[in-house]
Amino acid sequence: MNWKQFTPKNVFFLVFGAVLFYCCLQNPQLILSSAGFVTGIILPFALGFAIAFIFNVPMKKIEAGLTRHTRLRKKLRRPAAYLLTLTAVIGVLLLAFFVVIPELTATIMSLMDQIPKGLDNLLLLLDDTNIDWPEIETFMAQLELDWNNLGQKLLGALQTGAFGVVQSTFSIVGGIVSGFATFFIGFTFSVYLLFQKEALIRQCKKLVYAFLPTAAADRLVYIGGLSATVFSNFLAGQCTEAVILGMMFFVSMLALRMPYALLVGVLIAITALIPIFGAFIGCVVGFFLIVVVNPMQALVFLILFQVLQQIEGNLIYPHVVGGTVGLPSVWVLAAVSVGGSLMGIVGMLLFIPGCSVCYALLREQVGKRLEKRQIPSEKWTGEEAVSQKTGSSQNTGADK
C-alpha cells in the first residue's frame with residue numbers, strides 16, 4: 001500500500017464523499033427533488049441543443065449552396081440559410097397539421113355517426129333471421145340505450161366534476177405557460193448556437209486541451225467529431241428515406257385511385273421518421289381511414305403497403321440510411337428494440353446513431369489489436385479452414 005497517496009487533501013475528499021453518499025442514502029426524496037430541479041434548469045438548453053443540431057443538417061447544405069451559386073455576402077449567407085431552413089420546417093409542420101389532423105377528425109366523426117346506423121341495421125338483420133337470440137338482443141338493446149343516453153351521462157359527469165376541473169385549470173395553464181417558456185428559451189439558445197457554432201466548437205476544444213492530457217484530448221475530440229458526423233448523416237438519411245417512402249405511397253395510391261392519397265402519403269412520411277416500426281403506424285391509420293370509405297380498397301392498400309415496404313426495406317433503407325450510419329441491419333434492429341424499451345420513440349432515434357458510434361469505435365479497436373497481435377485475416381474469415389480442407393483432400397487423393 002502506498003501511504004503517500006493519503007495526503008490531507010485526498011483524505012478530505014474521501015471523507016466528504018463518504019458523508020455525501022450517506023446523506024443521499026438517508027434522504028432519497030431530497031435527491032429526487034434536487035434532480036428534478038436540476039433537470040428543469042438544464043431542459044431548455046438541452047432542447048435548444050437538439051433544435052440546433054436538427055436545423056444544422058439542412059442549414060449547412062443550404063449555406064454551402066448559397067456560397068457556390070450566389071454572390072451573397074458572407075455575413076448574409078448564414079441568416080439566409082437559417083431563414084430558408086426555418087421556413088421549410090414551418091411549412092412541413094403546417095402541412096402535417098392542416099392535412100392530417102382535419103382529415104382524421106372528419107373520419108372519426110363520420111365513423112361515430114355511422115355507429116348508431118350500424119347497430120340499427122344489425123338489429124334489423126337479427127329480426128329478419130327469425131332466430132331467437134335473447135342474449136344478443138338484450139346486449140344490443142343495452143348498447144343502443146347507452147348510446148342514446150351517452151350525452152346526458154356525459155353532461156352529468158361534467159357537472160359533477162366541474163369543481164375539480166376549475167381547480168385543475170390553474171395547474172394546466174401553469175404547465176402550458178411553463179412549456180412555452182421552456183420552448184422559447186430553448187429556441188433562442190438554438191439560434192445562438194447556430195450562428196456561433198464555429199466559435200463554440202473552438203472554445204470547447206480549448207477547454208479539452210487545457211485540462212486533459214493531449215492523447216486523451218485527441219481521442220475525445222475524435223469521438224465528438226465522429227458522433228456529430230454519424231448523427232447528422234443518420235438524420236439526413238432518415239428524412240430522405242421518409243420523403244421517398246411518402247412519395248411512393250402518394251403516387252401509387254393516385255395511380256390506383258385510392259382515397260386520401262395525399263393524407264396517407266404525408267402521414268407515412270411523418271411516421272417513417274421512426275426507424276423500422278414507424279411506417280406500420282402510418283399503415284394502421286391509413287387502413288382505418290380507407291376502410292370507412294371502401295373496405296375492398298383498404299385490402300388493396302394493405303397489399304400495396306407490403307410491396308412498397310419490401311422495396312423500401314431491401315433497396316431504399318440500406319442505401320439511404322444504412323450506408324450513412326455504417327451499422328449492420330441486425331444491430332439496427334437491436335438498437336431500435338432496446339432504445340424503444342428504455343426511452344420510447346426518442347430512444348429509437350438516439351440508439352441507432354449511438355450504437356453506430358460505438359460500433360465504429362469497437363471495430364477500430366479490434367482492428368488495431370488484431371494488427372498488433374499479427375493475427376492473419378484467415379483466422380476469422382474461414383479461408384484457413386477451407387484451404388486446410390482443400391489441402392487434406394488433395395493429400396488424400398495423392399495417397400490413393
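Here Leu20, Leu47, Leu95, Leu66 are screened, and the one residue that is in a helix (DSSP H, G or I) and under 20 Å from Ile270 (Cα atoms) is Leu95. Can you name the number of the only condition in (1) in the same structural domain as Phe55 (by TED's automatic domain parsing); (2) at pLDDT 85 or above that Leu212 fails? Going through the list (1) in the same structural domain as Phe55 (by TED's automatic domain parsing); (2) at pLDDT 85 or above, Leu212 breaks only (1).
Looking only at the stretch 218-240, how many residues end up being more than 12 Å from Ala360 (Cβ to Cβ) and among the aliphatic types (A, V, I, L, M)? So the count comes out to 5. So is Ile274 of a type outside the set (S, T, N, Q), modelled with pLDDT of 80 or more and crowded, with 19+ Cβ neighbours inside 10 Å or not? Against the criterion (of a type outside the set (S, T, N, Q), modelled with pLDDT of 80 or more and crowded, with 19+ Cβ neighbours inside 10 Å), Ile274 does not qualify. Residues that are more than 15 Å from Gly354 (Cβ to Cβ) and touching a residue at least 12 places away in the same chain (Cβ under 8 Å) within the stretch 218-232 comprise Leu220, Val221, listed in sequence order. Look at Phe53 and say whether it is aromatic (Phe, Trp, Tyr) and closer than 30 Å to Cys239 by Cβ. Yes. If the condition is being buried (at least 17 other Cβ atoms within 10 Å of the Cβ) and more than 18 Å from Ile316 (Cα to Cα), then the stretch 228-258 contributes Val230, Phe231, Ser232, Met253, Met258. Of the set (1) more than 30 Å from Gly186 (Cα to Cα); (2) touching a residue at least 60 places away in the same chain (Cβ under 8 Å), all apply to Gly48 but (1). The condition of being assigned to a helix (DSSP H, G or I), at pLDDT 85 or above and surrounded by fewer than 20 Cβ atoms within 10 Å (Cβ to Cβ) holds for only one of Gly265, Gly225, that being Gly225. Close Cβ contacts (under 6 Å, 6 or more residues apart or on different chains) running from residues in the stretch 289-307 that are farther than 13 Å from Ile268 by Cβ to residues that are assigned to a helix (DSSP H, G or I) and not β-branched (Val, Ile, Thr) comprise Val291/Ala298; Val292/Leu111; Ala298/Phe287.
Hey, among the residues in the stretch 51-78 that are of a type outside the set (A, V, I, L, M) and closer than 16 Å to Phe187 by Cα, which one's surrounded by the fewest Cβ atoms within 10 Å (Cβ to Cβ)?
The initial filter retains those residues of the stretch 51-78 that are of a type outside the set (A, V, I, L, M), namely 53, 55-56, 58, 60-61, 63, 65, 67-71, 73-75, 77-78.
Still in the list and also closer than 16 Å to Phe187 by Cα: 53, 55-56.
Numbers: Phe53: 16, Phe55: 21, Asn56: 21.
Per the stated criteria, the residue is Phe53.
For the stretch 188-200, the criterion of a residue being small (Gly, Ala, Ser), without any contact (Cβ under 8 Å) to a residue 40 or more places away in the chain and under 23 Å from Ile352 (Cα atoms) is satisfied by no position. Residues that are of a type in the set (Ser, Thr, Tyr) and buried (at least 17 other Cβ atoms within 10 Å of the Cβ) were ranked within the stretch 333-372; the one that is nearest to Leu226 (Cα to Cα) is Ser356. For the stretch 232-241, the criterion of being of a type in the set (A, V, I, L, M) and outside the structural domain of Arg78 (by TED's automatic domain parsing) is met by at least one residue.
The values are calculated or read from the model by the stated rules, or taken from the named source; none is laboratory data. The shown structure was predicted, so the numbers you read here are calculated from the model rather than taken from an experiment. Cβ sites come from the backbone with ideal geometry, for glycine too, and all protein chains shown count toward neighbours.
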